[in-house]
Amino acid sequence: MHRLAHHRSLYRHVHKIHHEWTAPIALASDYCHPVEHLLVNVLPNIAYGLFLGSDPFSYLIWWIISYLASQTNHSGYRFPTADLSQEAQPNFHDLHHEKFNTNYGSMGVLDWLLG
């Protein structure tokens, strides 16, 4: 979904708002066009609960973890535990905000698949 947001016709009208932050802070993860917020931030999290039939508590825990991960990826702060798990964030995502045309996903898989 994120890679699609970088398509020429969508980027300048929708996703560019989010990329106004070239050195993002945590709250920049929610700074976006309303359409992008719905399609990228809200619906995927709702889909988790619907497709897996999770109970409300499990869904809440999933939403909190997902939201905090997004905040962390945009924070610019690299937690010491990232070195233990070989986590590429936030460096990986910071480069994406700086260059706009690389690091579309969390682990580089989307860059490899979609060029």
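Please work out the FRET efficiency for the pair T22 and W62, using the Cβ-Cβ distance as r and a Förster radius of 41 Å; give the result to the nearest 0.05.
Numbers: r = 30 Å, r/R0 = 0.73.
The value I calculate is 0.85.
Order of 13-24, 44-55 by packing, highest average Cβ count within 10 Å first?
Numbers: 13-24: 15.9, 44-55: 11.5.
In decreasing order of mean packing, 13-24, 44-55 become 13-24, 44-55.
Descending by average beta-carbon neighbour count within 10 Å, the peptides 62-70, 32-40 line up as 32-40, 62-70, the highest first. Placing R0 at 30 angstrom, the Cβ-Cβ distance between R12 and R78 gives a FRET efficiency of 0.45 after rounding to 0.05.
Just so you know, all these numbers are worked out from the coordinates, no wet-lab data involved. What you are looking at is a predicted structure, and each value in this text was computed from that prediction instead of being measured. With ideal geometry, Cβ positions are generated from the backbone for all residues, glycine too; neighbour counts draw on all protein chains shown.
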